[in-house]
Amino acid sequence: MHEFTPLPEPIEPVEPKAEWVRADEASGYDFPRPLVLVNGTFDVLHVGHLQIVNTSIRQAATVLVSIDSDEMVQKNKGPDRPILTWVERAAQIAQLGVDFIHETLNDEDFKQLVAVWKPDFRVRGADYIDSESRIRPVPSVYVEHVSDMSSSDIVRRILGRQALRVKGEVTVQ
């Protein structure tokens, strides 16, 4: 068990350093290399997301995270997603210490982001090893997850518990 020493005054929250950017904005930046690209939905943040972002931060001088727009998430995951808005998802990722955040509007926007920013590599979860990449020839580094948990699994777990609660069958696990 951890013991915490009370602080004499409240701590001011740390302001994230991440800067919001458009796909075509890289020309004005002089950022250190290597530049790594991470992209995804990041709806209901979980340990796999944290591993990918933290690996990126450790491996690169500059980290650009491209987060799928609300419209893209609905198209790819269904009308009940995302759970969190793009702004909420971006605010969470910004707190992790990345350098730049981009809103991916569609596949063409993503391709433009890659063409303009020219990432040196991309970090993805190992669950994407066999999937077709939207970008070439950017090499990918894959991060093993500590669990098979996904945002969709978390949403199903929450909905399942809510259904049991409605029926009066909730048990503490």
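We did not get these values from a lab; they are worked out from the coordinates using the rules stated. Please read these numbers as outputs of a predicted model, since none were measured by experiment. Note that each Cβ is placed from the backbone with ideal geometry, even for glycine, and that neighbours are counted across all protein chains shown.
If amide hydrogens are placed 1.01 Å from N in the peptide plane, which non-local residues have theirs closer than 5 Å to the one on Ser66?
Val38, Asn39, Gly40, His102
Quick check: pseudo-label points 7 Å beyond the Cα along Cα→Cβ at Val47 and Ile158, how many nm apart are they?
1.9 nm
What do the square roots of 5 times the Cα gyration tensor eigenvalues come to for segment 19-147, in whole Å, largest first, as semi-axes of the equivalent ellipsoid?
Taking √(5λ) for each Cα gyration eigenvalue gives 20, 17, 15 Å.
Determine the gain in length on full extension of the stretch Ala91-Lys111; use 0.36 nm per residue of separation and subtract their C-alpha separation, reporting nm with one decimal.
Stretched fully, the Ala91-Lys111 segment lengthens by 4.9 nm.
So what J values fall out for segment 40-56 if you push phi through Karplus, 6.51 cos²θ - 1.76 cosθ + 1.60 with θ = phi - 60°, rounded to Hz, Gly and Pro as x?
Here the 3J(HN,Hα) series is x, 8, 6, 8, 6, 4, 9, 4, x, 4, 4, 4, 5, 5, 5, 4, 4 Hz.
Dipole of segment 19-147 (Lys/Arg Cβ +1, Asp/Glu Cβ -1, origin at the Cα centre): which of Val114, Gln74, Ser56 lies farthest to the positive side?
Ser56
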